[in-house]
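Asks: Here it is: the structure, laid out below.
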Amino acid sequence: MSLVIADDHERERIWIKDLLTKHLPQCLPIYEAHDGKQAVELSLAHKPSLVFLDIEMPFLTGIKAAEKIIEKLPQTGIIILSNHSDEIWVRQLWKIVPADSAFGYVLKDATDHQVVEAARTVLEGDCWIHPRIQRILHRSEKGAGGLSEGEFEVLAYIALGLTDRAISKRLYITEKAVQARLKSLYTKLQIPVKAISEETEFNYRCRAINVAIRRGLINKSELETWETKIQL
């Protein structure tokens, strides 16, 4: 067995390495990477049982590095280390992780016990999500922001400034269908929609973007990815 720890901050690598050396000595040796590209290279070379990936690293993000590692080493467990508790990051991770894969999402303010627990859980073939993220996802499942893929698509496109007609062309649906998705989006974001008049105070599209950003449903990284799709 072996492990890979990838983080562009040496302090974070030392923290994780010391914990795992003490509590999971059976998993040694531990290889260290200081960027996403090196993390992929070390993983392909040593085929570790578990890889810790900082979510924001030079050359490749943790999500992009995880995608490349999973493609070649589907049995390798992945744990994302992050300062972000936004739902969007977990959404990105779920997009690339096969349904039967083991993975974890650990916030960097986690306790030592939580980090070790996450490592053990993923090594056993299960998933571990930081409790604070679990609470956010639980609220989403109740409807307060748990968006369907269709609703998320229109959210991303209106955040980039596309009109209903432009969105309909890109998604191959009617403008009426776009408007139906927007209405559902507004409902889930708890934005009361009234008939538009001269007394209407809010632009509903802008309001939806504002609420989504504050709730962590979308962020700069995700919008950059969608903008690349538009330019293709």
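Taken together, the values in this text are just the output of simple stated rules run on the coordinates, not laboratory data. Every value quoted in this text rests on a predicted model; they were computed, and no experiment measured them. Using ideal geometry, Cβ is built from the backbone for each residue, glycine included, and neighbour counts are taken over all protein chains shown.
Asks: What ranking do 97, 178 get, fewest neighbouring Cβ atoms within 10 angstrom at the top?
Replies: Lowest to highest Cβ neighbour count: 97, 178.
Asks: While we're looking at this one, here's another question. Hey, could you get me the Stokes-Einstein D for the chain, Kirkwood radius over alpha-carbon pairs, 25 °C and 0.890 mPa s, rounded to whole µm² s⁻¹?
Replies: The diffusion coefficient I find is 128 µm²/s.
Asks: Given the convex hull over the Cα atoms of the range 1-82, what projected area results after averaging over all orientations, in nm²?
Replies: In nm², the orientation-averaged hull projection of the range 1-82 is 4.4.
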